[in-house]
Amino acid sequence: MISRHKKDDTMSQHMRTLAADERRSGSAGPIARLVDVRRHFGQTAALDGVSLEVGKGEIVGIIGRSGAGKSTLIRCLNGLERPDSGEVHIEGREISGLGEKQLQPLRRRIGMIFQHFNLLSAKTVEENVALPLKIEGVAKSERLRRAAELLDLVGLAGKARAYPAALSGGQKQRVGIARALAARPALLLSDEATSALDPETTRSILTLLRDINRQLGLTIILITHEMEVVHSIADRVAVLDAGRIVEEGAVWKVFADPQSEVARSLLQGIRPQLPEEIAARLSPARGPEAVLRVDLAGEAALEPLLADLAATTGAFRFIHGGISRVQGHPVGTLFLGVPAGEPDLSRTVQFLAGRGARVEVLGHVVGND
Amino acid sequence: MSSAMIDLFLRSLWETVLMTGASGVISFVFGLPLGLALVVTDRGGISENLWLNRILGAIVNGFRSVPFIILLVALIPVTRLIAGTSIGTWAAIVPLSIAATPYYARIAEVSLREVDPGLIEAVRAMGGSRWTIVQEVLVPEAMPGIVAGFTVTLVTLVGASAMAGAIGAGGLGDLAIRYGYQRFETTVMVAVVAVLIVMVCALQWVGDRLVQRLDRRSA
């Protein structure tokens, strides 16, 4: 009970600070805004004209393959990287022209967590968490009190005196999160924070981040190469490829209807795919059965579509697929085997398209099962 | 051994301890900052300054490439300026320190370079200044290597101090040469070697234990 109280206390303090900050800045403008940011390393463009806005309280995922420019992008937001051109606004202030000294106070408003945690091995857990406050010049007793609160918040109250080497990966990242929150930042940057963790630990860290976002109203920008991460916590996603944002939107919309080749390929592991043995037997030449891919989202996924299809066009085969929920929106992909003869096939496609589904004829099955 | 011999022996032991200790402390005090300067001014360092880096590197290499026995003699004017005399134990501390400082600087440099750049980035990201990075990251994270390197430097100084006999500094090495070698007093020679072995082992043991206590990098 005591710890629960402490936690609530921490939370409400955070809320007050955040509310005060809002009054000070006097606007609900974006926390971070990038305008046509470019950054080259030699001949290669790491960022090739990136523009992005992130509003207060949002969780935005930036996803891309390795080498897409994600790391450079997130580092432009706290001035660890300096763009060659373009503007970076943090809480309304243009920062790309600031010097190292001027960036220092600003970076205290931005927490950052890392793939390899980056905890100082020579310091205890509580000293690590308290370090941002030491930099700020907070008195020792106050820093340790705050570190204890934060360790409580991330569920590591008993580990204050331990050294990082004694912790598991998930625990290290919790310390990293506590440390990033110590100076009460307005924005949290997450640099592949779960990429070095196993799936179960990843889930628990993502849940923690989601809770922090909800309870403290903290804005989070995370970069990742895993669609799973974006799927579990982000509100909005930007797909980065070769230094450009090729697609951006609400996570469920991008999941339901990815426009870019990169987004489709990154979604492969998480969306239903046509089973390989059937894919191997697909041919463009007409056969007895056509295989359709049917993508559904929103209202269309809630209706008794398959029953209606059967009633309208007769027998078909349900090969693979399912409907899952992304941000509370149903998003589904179904693979159906339907009679390939005309006019049956055209009627089926028309019926499905008329019900708001996206239909693609993948090919025809040759040979028998 | 006669009691006069034993007195001489003890005096020599004290001279060796004094030379090693004093020049060790001085080389630590100047060598660690020099090693830090070499790291932070290098390409990609937190205070990149390639010209300064090259100049410092050249000075360090210059001193390191001169054999100690030559340095000992060549530095006599400097020694006289600093210690007021060019002979004796205190006079020897000057060239020993000047030789050990760049030596230790290079050893410290290696440990400082091994600090994970991610840790520096993390502290930069939380708004830390360069000084904060030196104080909170570079030095504490490299501390096991800094101490291990200092142990190596001290052991090297024990050996180098034997040459300081050339300028009348005394010490165990000088005793071994003058009595053990030149006068064929094997007992003195054996005793000196035995004491040196014990001394070096003790230094190494203390150094290793300290490193073990400081190293938090593994559970």
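For A:SER346 and A:ASP84, what does the FRET efficiency come to when R0 = 60 Å and r is the distance between their Cβ atoms, rounded to the nearest 0.05?
Details: r = 53 Å, r/R0 = 0.89.
Calculated value: 0.65.
Let me understand the protein assembly as shown better: what is its radius of gyration from the alpha carbons, and its Dmax, in angstrom?
34.1, 121
Would you mind checking which residues have amide H under 5 Å from A:SER96's amide H? H placed 1.01 Å from N; only 5 or more apart, or other chain.
A:VAL88
Step through the residues of the stretch A:140-154 one at a time and calculate ³J(HN,Hα) from phi using the Karplus curve (6.51 cos²θ - 1.76 cosθ + 1.60, θ = phi - 60°), rounding each to whole Hz and writing x for Gly and Pro.
Couplings: 4, 5, 5, 4, 5, 5, 5, 4, 4, 4, 5, 5, 5, 4, 9 Hz.
Which of A:ASP344, B:ASP208 comes first, and how do the rest follow, when ranked by fewest Cβ neighbours within 10 Å?
Details: A:ASP344 16, B:ASP208 13.
In order of increasing Cβ crowding within 10 Å: B:ASP208, A:ASP344.
Compute the distance in nm between two label points, each set 7 Å from the Cα along the Cα-to-Cβ direction, one at A:ALA311 and one at A:GLU136.
Those two pseudo-labels are separated by 6.2 nm.
Check each of the trypsin sites (Lys or Arg not before Pro) in the stretch B:1-97 and keep only those in coil by DSSP with at most 16 other C-beta atoms within 10 angstrom; list them in order. Don't jump to the answer; show the numbers that get you there.
Working: sites: B:ARG11, B:ARG43, B:ARG54, B:ARG64, B:ARG80; in loops: B:ARG43.
Within the stretch B:1-97, the qualifying trypsin sites (Lys or Arg not before Pro) (loop, at most 16 other Cβ atoms within 10 Å) are B:ARG43.
Size of chain B along its principal axes in angstrom, Cα-based, largest extent first?
68, 44, 24
What does the helix-only formula give at 222 nm for chain B: each DSSP H stretch with n ≥ 4 adding -39500 (n - 2.57), the total divided by the residues, and the result rounded to the nearest 500 deg cm²/dmol?
Values: 9 runs with 158 residues, N = 219.
Rounded to the nearest 500, the figure is -24500 deg cm²/dmol.
Can you give the FRET efficiency for A:LYS101 and A:HIS225, using 1/(1 + (r/R0)^6), R0 = 41 Å, r = Cβ-Cβ distance, to the nearest 0.05? Working shown, then result.
On the way: r = 34 Å, r/R0 = 0.83.
FRET efficiency, A:LYS101 to A:HIS225: 0.75.
Give me the number: length gained by fully extending A:HIS40 to A:ARG286, i.e. 0.36 nm times residue separation minus the C-alpha to C-alpha distance, one decimal in nm.
On the way: separation 246, 0.36 × 246 = 88.56 nm, distance 4.97 nm.
The span from A:HIS40 to A:ARG286 would gain 83.6 nm if fully extended.
Looking at chain B, do any whole DSSP H helices span at least 27 angstrom along their long axis by alpha carbon and average -1.0 or above on Kyte-Doolittle, and which? Display every interim value, and only then the final one.
Values: long enough: B:3-40 (54 Å, 1.52); B:89-113 (35 Å, 0.72); B:139-160 (30 Å, 1.51); B:186-214 (42 Å, 1.62).
Taking the DSSP H segments of chain B (at least 27 Å long, mean hydropathy at least -1.0), we get B:3-40, B:89-113, B:139-160, B:186-214.
What number, rounded to the nearest 500 deg cm²/dmol, is the helix-based mean residue ellipticity at 222 nm of chain A, given -39500 (n - 2.57) per DSSP H run of at least four residues and division by all its residues? The partial results should precede the final answer.
Details: 13 runs with 140 residues, N = 369.
It comes out at -11500 deg cm²/dmol, rounded to the nearest 500.
Using the basic label-point model (7 angstrom from Cα toward the beta carbon), what is the A:ASP257 to B:VAL25 distance in nanometres?
Between A:ASP257 and B:VAL25, the label points sit 7.8 nm apart.
How many nm separate the modelled label positions at B:ARG54 and A:LEU302, each set 7 Å beyond the Cα in the direction of the Cβ?
7.1 nm
Could you list, in their original order, any pairs among A:LYS56/A:LYS123; A:LYS172/A:LYS253; A:LYS70/A:LYS253 whose Cα atoms are separated by more than 29 Å? Walk me through the numbers on the way to the answer.
Details: A:LYS56/A:LYS123 33 Å; A:LYS172/A:LYS253 34 Å; A:LYS70/A:LYS253 21 Å.
Violating the 29 Å Cα-Cα cut-off are A:LYS56/A:LYS123; A:LYS172/A:LYS253.
Determine, from the Cβ-Cβ distance of B:ILE197 and B:ALA166 and an R0 of 25 Å, the FRET efficiency 1/(1 + (r/R0)^6), rounded to the nearest 0.05.
Working: r = 23 Å, r/R0 = 0.92.
My answer for the efficiency is 0.60.
Which value, in Å to one decimal place, does the Kirkwood hydrodynamic radius take for the stretch B:28-150 when every pair of different Cα atoms is included? Spell out each step's value before the answer.
Values: mean 1/r = 0.0639 Å⁻¹.
After inverting the mean inverse Cα-Cα distance, the result is 15.6 Å.
Which cross-chain or sequence-distant (5 or more) residues have an amide H under 5 Å from the amide H of A:VAL37, H modelled 1.01 Å from N in plane?
For A:VAL37, the qualifying residues are A:GLY49, A:VAL50, A:SER51, A:GLU87.
Taking A:LYS134 as the anchor, which aspartates and glutamates have their alpha carbon closer than 20 Å to its alpha carbon, excluding any fewer than eight residues away along the same chain?
Within the straight-line limit of under 20 Å, A:LYS134 reaches these aspartates and glutamates: A:GLU100, A:GLU126, A:GLU142, A:GLU149, A:ASP152, B:GLU121, B:GLU136, B:GLU141.
Taken together, the values in this text are just the output of simple stated rules run on the coordinates, not laboratory data. What you are looking at is a predicted structure, and each value in this text was computed from that prediction instead of being measured. Every residue, glycine as well, gets a Cβ built from its backbone with ideal geometry; the counts of neighbours run over all protein chains shown.
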